[in-house]
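Undergrad: What follows is a structure written as structure tokens; I'll ask about it next.
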Amino acid sequence: MNGKGEDEVFTMKWIQKGDSARLQLLDQSDLPASVSYVDLHNAKEVAESIRSMKVRGAPAIGCAAAYGMALECLLIAKEEPSVSGSTLKDKLQDTKKAMDEARPTAVNLMYATARIVEVVDTILNIREDASAALISECIVDEAQRIFNEDVENNKRLGSHGVATIDQDVAPMRASKAAKTEGATATNGPAERLNLIHHCNTGALATAGHGTALGVIFSLSQAGKNLHVYVDETRPRLQGAKLTCWELRESRIPHHLIVDGASGLLMYQGKVDAVVFGADRVAANGDVANKIGTFNLAMAAHAHGIPVYACVPTSTIDLTIPTGQDIVIEERSSDEILRVSGGASIAPDGTQVFNPAFDVTPARFLTGIITEEGTLKPPFGANLKEAKEKALQREKDNRQKSLLAIQQKLSAK
């Protein structure tokens, strides 16, 4: 999944012939047992796939949602070809609301659906009588731009991650190696870079390459000698099922561990850095990520081990002051009680609290790696600056997009 060839597994693919289209999604709930795809034909199906985690990972969710909006627009245009632009916009606003509710913690989802609605506004400001078919064309173009931008941003993020690891972690590792003649067979040679990764943040969780796992891929591509400890990531086991699968496909050495083993590894001096992604970053640098991230960051902080959240700037939400303001999704008790759908592991009637995410306070982070560079504490001003840089780059891209829309409108 990391740029190996034409026949590699893909997370999602847009397929269109004329006014008929479908989104083909890798069903991640089947991994690693089998590689299978689902064909989605409308926004409702896309939202359900997001909700049921057939597709997951904040960037991938955003891309899927944008394509879901495009599918819905094409259907409306096909069923009601004479629908007015204002009515079409109202219908898409309703679609956006339903889509956003599928995973309320993932800000990339809201970001992507908002961009689709903005395209409609742009078109109607230029030509109030634009047809539904023409609006649909422009929305499909925008969804594909969102997808392509994510791949580009993830590769930029990966490059910054390599530079950060070289600058921050390598000197600490060299000092540790000087004090240690070798390491255990599990740890590998003393010069090997050992990282802990939580959940899944690779190509499966994005349009391509990945965020935190993308940093690991970039380190491997840069020729670094590395090894990854993979948190299994209870209760849905994304680390065990998905991250191990991606690392195996990329031939990167790794060991799977239970989430509670990270502290022991740190105590034994077997961890050089911790990397993970995030579904939302608050204005003060608090990050919401998969449940278990907070515990991992606290353990690393206690042992003086660098901790990095690796996120696209689209995940930064400056309207949220702190992590306490982030809505935390709660999921079914069966995810905890029934591992892989099996028999209950607890007595009947056991009450369950199953938050999908937790919030890691900014004070436990060494840095936040983005496509605009690595941000260091204090995060507030640095997050704002990175967001502004990204918005300016996006603005430049949107100008190109606007020109393309204008050209398309004038040609029709």
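Undergrad: Give the number of residues within segment 264-312 that are polar (S, T, N, Q) and surrounded by 24 or more Cβ atoms within 10 Å (Cβ to Cβ).
TA: If we filter segment 264-312 for residues that are polar (S, T, N, Q), which is where we start, we get 268, 284, 289, 293, 295.
Filter once more, so that each one left must be surrounded by 24 or more Cβ atoms within 10 Å (Cβ to Cβ): 289, 293.
Number of matching residues: 2.
Undergrad: For segment 244-280, give me each residue that is over 23 Å from Thr366 (Cα atoms) and not aliphatic (A, V, I, L, M).
TA: Within segment 244-280, Cys244, Trp245, Glu246, Arg248, Glu249, Ser250, Arg251, Pro253, His254, His255 qualify.
Undergrad: Pairs, please: C-beta under 8 Å, at least 6 apart or cross-chain, first residue within 21 Å of Ile305 (Cα to Cα) and in segment 194-210, second among the hydroxyl-bearing types (Ser, Thr, Tyr) and in a loop (DSSP other than H, G, I, E, B)?
TA: His198/Thr233; Cys199/Thr233; Asn200/Thr233; Thr201/Thr211
Undergrad: Further, regarding this structure: Right, Ala114: out of contact with any helix residue (DSSP H, G or I) (no Cβ under 8 Å at 6 or more places or on another chain) and assigned to a helix (DSSP H, G or I) or not? It would help to see each step written out before you state the result.
TA: On the way: out of contact with any helix residue (DSSP H, G or I) (no Cβ under 8 Å at 6 or more places or on another chain): no; assigned to a helix (DSSP H, G or I): yes.
No; evaluated as a whole, the condition is false for this residue.
Undergrad: If you don't mind, another one. If only one of Ile316, Ile328 is hydrophobic (A, V, I, L, M, F, W, C) and over 22 Å from Glu388 (Cβ atoms), which one is it?
TA: On the way: Ile316 fails: over 22 Å from Glu388 (Cβ atoms).
When all the criteria are applied, what remains is Ile328.
Undergrad: Could you pull out the residue among Thr366, Thr370 that is surrounded by 15 or more Cβ atoms within 10 Å (Cβ to Cβ), within 22 Å of Asp279 (Cβ to Cβ) and in contact with a Pro (Cβ under 6 Å, 6 or more places away or on another chain)?
TA: On the way: Thr370 fails: in contact with a Pro (Cβ under 6 Å, 6 or more places away or on another chain).
Sole residue among the options that is surrounded by 15 or more Cβ atoms within 10 Å (Cβ to Cβ), within 22 Å of Asp279 (Cβ to Cβ) and in contact with a Pro (Cβ under 6 Å, 6 or more places away or on another chain): Thr366.
Undergrad: Could you tell me whether any residue of segment 93-107 is acidic (Asp, Glu) and assigned to a helix (DSSP H, G or I)?
TA: Applying the first criterion (acidic (Asp, Glu)) to segment 93-107 yields 94, 100-101.
Now narrow it down to the ones that are assigned to a helix (DSSP H, G or I): 94, 100.
The answer is yes, given that some residue of segment 93-107 is acidic (Asp, Glu) and assigned to a helix (DSSP H, G or I).
Undergrad: In segment 163-177, which residues are within 17 Å of Gln221 (Cβ to Cβ) and among the charged types (D, E, K, R)?
TA: The one that is within 17 Å of Gln221 (Cβ to Cβ) and among the charged types (D, E, K, R): Asp166.
For (1) in contact with a helix residue (DSSP H, G or I) (Cβ under 7 Å, 6 or more places away or on another chain); (2) under 17 Å from Asn148 (Cβ atoms); (3) of a type in the set (S, T, N, Q), each residue gets a yes or a no:
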residue: Phe10; (1), (2), (3): no, yes, no
residue: Asp19; (1), (2), (3): yes, no, no
residue: Asp30; (1), (2), (3): no, no, no
residue: Ser36; (1), (2), (3): yes, no, yes
residue: Asp94; (1), (2), (3): no, no, no
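Undergrad: Could you list, in sequence order, all residues of segment 220-236 that are within 23 Å of Asp334 (Cβ to Cβ) and either in contact (Cβ under 8 Å) with a residue 60 or more places away in the chain or outside any loop (DSSP other than H, G, I, E, B) (or both)?
TA: Of segment 220-236, the ones within 23 Å of Asp334 (Cβ to Cβ) are 231-236.
Within segment 220-236, Asp231, Arg234, Pro235, Arg236 meet the criteria.
Undergrad: Could I ask something else about it? Report whether or not Ala106 is farther than 30 Å from Ala300 by Cβ, buried (at least 17 other Cβ atoms within 10 Å of the Cβ) and either modelled with pLDDT under 95 or of a type in the set (A, V, I, L, M) (or both).
TA: Details: farther than 30 Å from Ala300 by Cβ: no; buried (at least 17 other Cβ atoms within 10 Å of the Cβ): yes; either modelled with pLDDT under 95 or of a type in the set (A, V, I, L, M) (or both): yes.
No; evaluated as a whole, the condition is false for this residue.
Undergrad: Go through (1) surrounded by fewer than 24 Cβ atoms within 10 Å (Cβ to Cβ); (2) touching a residue at least 40 places away in the same chain (Cβ under 8 Å); (3) not aliphatic (A, V, I, L, M) one by one and return the number of the condition Thr113 breaks.
TA: Of (1) surrounded by fewer than 24 Cβ atoms within 10 Å (Cβ to Cβ); (2) touching a residue at least 40 places away in the same chain (Cβ under 8 Å); (3) not aliphatic (A, V, I, L, M), only one is false for Thr113: (1).
Undergrad: Taking Asp121 as the residue in question, decide whether it is in contact (Cβ under 8 Å) with a residue 60 or more places away in the chain, surrounded by fewer than 18 Cβ atoms within 10 Å (Cβ to Cβ) and in a helix (DSSP H, G or I). Write out each step before concluding.
TA: Values: in contact (Cβ under 8 Å) with a residue 60 or more places away in the chain: no; surrounded by fewer than 18 Cβ atoms within 10 Å (Cβ to Cβ): yes; in a helix (DSSP H, G or I): yes.
Against the criterion (in contact (Cβ under 8 Å) with a residue 60 or more places away in the chain, surrounded by fewer than 18 Cβ atoms within 10 Å (Cβ to Cβ) and in a helix (DSSP H, G or I)), Asp121 does not qualify.
Undergrad: Residues Asp279, Asp286: which one is touching a helix residue (DSSP H, G or I) at 6+ places or on another chain (Cβ under 6 Å), within 23 Å of Asp100 (Cβ to Cβ) and at pLDDT 95 or above? Outline the logic, then answer.
TA: Details: Asp279 fails: at pLDDT 95 or above.
Going through Asp279, Asp286 in turn, just one is touching a helix residue (DSSP H, G or I) at 6+ places or on another chain (Cβ under 6 Å), within 23 Å of Asp100 (Cβ to Cβ) and at pLDDT 95 or above: Asp286.
Undergrad: Return the residues of segment 315-357 that are assigned to a helix (DSSP H, G or I) and surrounded by 13 or more Cβ atoms within 10 Å (Cβ to Cβ); say none if nothing qualifies. Break it down into steps so the answer makes sense when it comes.
TA: Kept after step one, since they are assigned to a helix (DSSP H, G or I), are these residues of segment 315-357: 315, 323-325, 334-337, 339-341.
Once the filter is applied, which keeps residues that are assigned to a helix (DSSP H, G or I) and surrounded by 13 or more Cβ atoms within 10 Å (Cβ to Cβ), segment 315-357 yields Thr315, Gly323, Asp325, Asp334, Glu335, Ile336, Leu337, Val339.
Undergrad: Please specify each residue of segment 236-255 satisfying the condition of being crowded, with 18+ Cβ neighbours inside 10 Å, more than 16 Å from Gly210 (Cβ to Cβ) and either at pLDDT 95 or above or of a type in the set (A, V, I, L, M, F, W, C) (or both).
TA: Once the filter is applied, which keeps residues that are crowded, with 18+ Cβ neighbours inside 10 Å, more than 16 Å from Gly210 (Cβ to Cβ) and either at pLDDT 95 or above or of a type in the set (A, V, I, L, M, F, W, C) (or both), segment 236-255 yields Leu237, Ala240.
The values are calculated or read from the model by the stated rules, or taken from the named source; none is laboratory data. The structure displayed is predicted, hence computed values, not measured ones. As a convention, Cβ positions derive from the backbone with ideal geometry for all residues, glycine included, and neighbour counts pool all protein chains shown.
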